[in-house]
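A.B. asks: Below you will find the structure I want to go over with you.
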Amino acid sequence: MGTRNYRRKTSHSEHGPGDGGRTGSWRVERPILDKSLCIPCKRNKEACFICWLFCPDIVISRTIPPKIDLEYCKGCGICAEECPTKAITMVDEAEFSKEDKE
Amino acid sequence: MQAKTTILSLPTEEFVHPGTRACTGCGLAIAYRVGLKALGKNTILVVPPSCLTVLQGLFPVASTKLPCLNVTFASTAAAATGILATLKSQGKTNIQVAAWAGDGGTSDIGLQALSGAAERGDNFIYLCYDNEGYMNTGVQRSGTTPLGAITANTPFKGKLQQKKDVPAIMAAHHLSYVATCSAAYPLDLYDKIIRCKDMPGAKYFHIHIPCPPGWGYDPRYGIKVGRLAVETGYYDLYEIVNGEFKLTAASEKLVEKRKLVPVREYFRAQSRFKILTDEQIADIQNQIDAKWAAYYKKDEQQ
């Protein structure tokens, strides 16, 4: 067996998002951003971005305003806890499903 | 001395994809993400079975953008040596090899391979993330589980033994760089990795990682708990460059302030320490005070 054959038999993963599936379905609380309190939004320049730094799942973008990718957000609430101006609040996910039904 | 990185000067390029299998509010995900930013694109990772293997995903999808070799538990540092030898034979000198292992894979199972590689002086970075237990298999005790912590196999009395001081073991190998970091201070971790990159021989990092399911706290308080560990003086951030010990970041500021948060607050924030009695906590507080009294004394002498 040559090297080429051997190489074909190794398990080689390709990188891509969503290895754990759409992890947004794990969420029980949804982060909601209040733009009137968010520092980069208020000043309209690059500042703060603590939520971006501490997000474990890389779902908060480093933009003005910061965007939260709800498809993968697991709803841990670290962003809400660390935000210096409390601009992010965690809202029960059940309230959104009620809205969807209506 | 390089300038300190701020949030705004931290590179925006990400090497981890969203939607990993890591638990909600995982401290490792924060440290891993920032650590990879510091290691950069030209890096080959070596990972033994650990929470990080869970985070990196199952075949055929991987959540890390960098090449990664998954190896057996005991052989992390040995595999890193192998990669270094291959790179040397191919004449590639600009590629960094980094081994990321859990605390069990470092302090218990992988210690002999790590010690061997450190003694040989292989030029790689070894990062041990310490979530103080075998969290990925269901919270079993490891060598670095602290005294009094309840785990799956110490369910009633908590762990009866002391935490193993792995950074001190590695410092005894006379490495060019040994550092302790915390997931609650990711910028400090970033700065330290950048600083040690060009140093010769093996470099060792010990990263304190808050773990919501294993430690028993609400995921949203992850950073707060990690920060409390440092502010109470329970876990100190330092670096040892060529044998010279120096406290860094938040711990350095604590020496200036001469004021520690009572360690009780750290213990009471987590359910794994619920069986610790007030006498035990007072005892641990005394040990911490003695440790910090030595730091204060050293600071006055300078």
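A.B. asks: Here's a check for you: in the range A:33-59, which residue that is part of a loop (DSSP other than H, G, I, E, B) and over 27 Å from B:Ser182 (Cα atoms) is farthest from the other protein chains (Cβ to nearest Cβ)?
C.D. replies: This residue is A:Ser36.
A.B. asks: Can you name the condition, by its number, that B:Phe245 falls short on among (1) closer than 20 Å to B:Lys164 by Cβ; (2) crowded, with 16+ Cβ neighbours inside 10 Å?
C.D. replies: (2)
A.B. asks: Still on this structure: Among the residues of the range B:195-215, count how many are touching a residue at least 60 places away in the same chain (Cβ under 8 Å) and more than 21 Å from B:Leu52 (Cβ to Cβ).
C.D. replies: 3
A.B. asks: Here's a follow-up. Tell me, which residue of the range B:70-88 that is crowded, with 16+ Cβ neighbours inside 10 Å and not in a helix (DSSP H, G or I) is farthest from the other protein chains (Cβ to nearest Cβ)?
C.D. replies: So, considering only residues that are crowded, with 16+ Cβ neighbours inside 10 Å and not in a helix (DSSP H, G or I), the one farthest from the other protein chains (Cβ to nearest Cβ) is B:Val71.
A.B. asks: Go through B:Leu28, B:Leu55 for me and flag whichever is assigned to a helix (DSSP H, G or I) and within 23 Å of B:Arg195 (Cβ to Cβ).
C.D. replies: B:Leu28
A.B. asks: Could you tell me which residue of the range B:217-231 is least open to solvent (accessible area, probe 1.4 Å), considering only residues that are in a helix (DSSP H, G or I), away from chain A (no Cβ under 11 Å) and out of contact with any Leu (no Cβ under 8 Å at 6 or more places or on another chain)?
C.D. replies: B:Ala229
A.B. asks: Could I ask something else about it? Out of the range B:178-201, which residues are open to solvent by 10 Å² or more (accessible area, probe 1.4 Å) and not in a helix (DSSP H, G or I)?
C.D. replies: Once the filter is applied, which keeps residues that are open to solvent by 10 Å² or more (accessible area, probe 1.4 Å) and not in a helix (DSSP H, G or I), the range B:178-201 yields B:Tyr185, B:Lys197, B:Asp198, B:Met199, B:Pro200, B:Gly201.
A.B. asks: Which of the residues belonging to the range B:89-145 are of a type in the set (A, V, I, L, M), out of contact with any helix residue (DSSP H, G or I) (no Cβ under 6 Å at 6 or more places or on another chain) and open to solvent by 30 Å² or more (accessible area, probe 1.4 Å)?
C.D. replies: B:Leu111
A.B. asks: While we're on this one: Give the number of residues within the range A:23-32 that are more than 7 Å from every other protein chain (Cβ to nearest Cβ) and open to solvent by 40 Å² or more (accessible area, probe 1.4 Å).
C.D. replies: Matching residues across the range A:23-32 total 5.
A.B. asks: Also: Take the residues of the range B:17-49 that are more than 12 Å from chain A (Cβ to nearest Cβ) and open to solvent by 10 Å² or more (accessible area, probe 1.4 Å): which is farthest from A:Thr23 (Cα to Cα)?
C.D. replies: The extreme case among them is B:Asn42.
A.B. asks: Quick one: A:Arg62 ticks every box in (1) surrounded by 20 or more Cβ atoms within 10 Å (Cβ to Cβ); (2) within 7 Å of chain B (Cβ to nearest Cβ); (3) closer than 16 Å to B:Ile7 by Cβ bar one, so which box is it?
C.D. replies: Among (1) surrounded by 20 or more Cβ atoms within 10 Å (Cβ to Cβ); (2) within 7 Å of chain B (Cβ to nearest Cβ); (3) closer than 16 Å to B:Ile7 by Cβ, the lone unmet condition for A:Arg62 is (1).
A.B. asks: Please return the ranges of helices (runs of 4 or more DSSP H) entirely within the range B:240-302 where 3 or more residues are more than 26 Å from B:Ala3 (Cα to Cα).
C.D. replies: B:263-268, B:278-301
A.B. asks: Considering only the range B:6-18, I want to know if a residue exists there that is more than 27 Å from A:Trp26 (Cα to Cα), part of a helix (DSSP H, G or I) and either among the small types (Gly, Ala, Ser) or within 19 Å of the chain's Cα centre (by Cα) (or both).
C.D. replies: So far as the range B:6-18 goes, no, none of its residues is more than 27 Å from A:Trp26 (Cα to Cα), part of a helix (DSSP H, G or I) and either among the small types (Gly, Ala, Ser) or within 19 Å of the chain's Cα centre (by Cα) (or both).
The values are calculated or read from the model by the stated rules, or taken from the named source; none is laboratory data. All figures in this text were calculated on a predicted structure; none of them were measured in a lab. For neighbour counting, all protein chains shown are included, and Cβ atoms are generated from backbone atoms with ideal geometry for every residue, glycine included. In case anyone asks, the SASA skips ligands and DNA or RNA and just uses the protein heavy atoms, side chains included. Shrake-Rupley method; radii C 1.70, N 1.55, O 1.52, S 1.80 Å.
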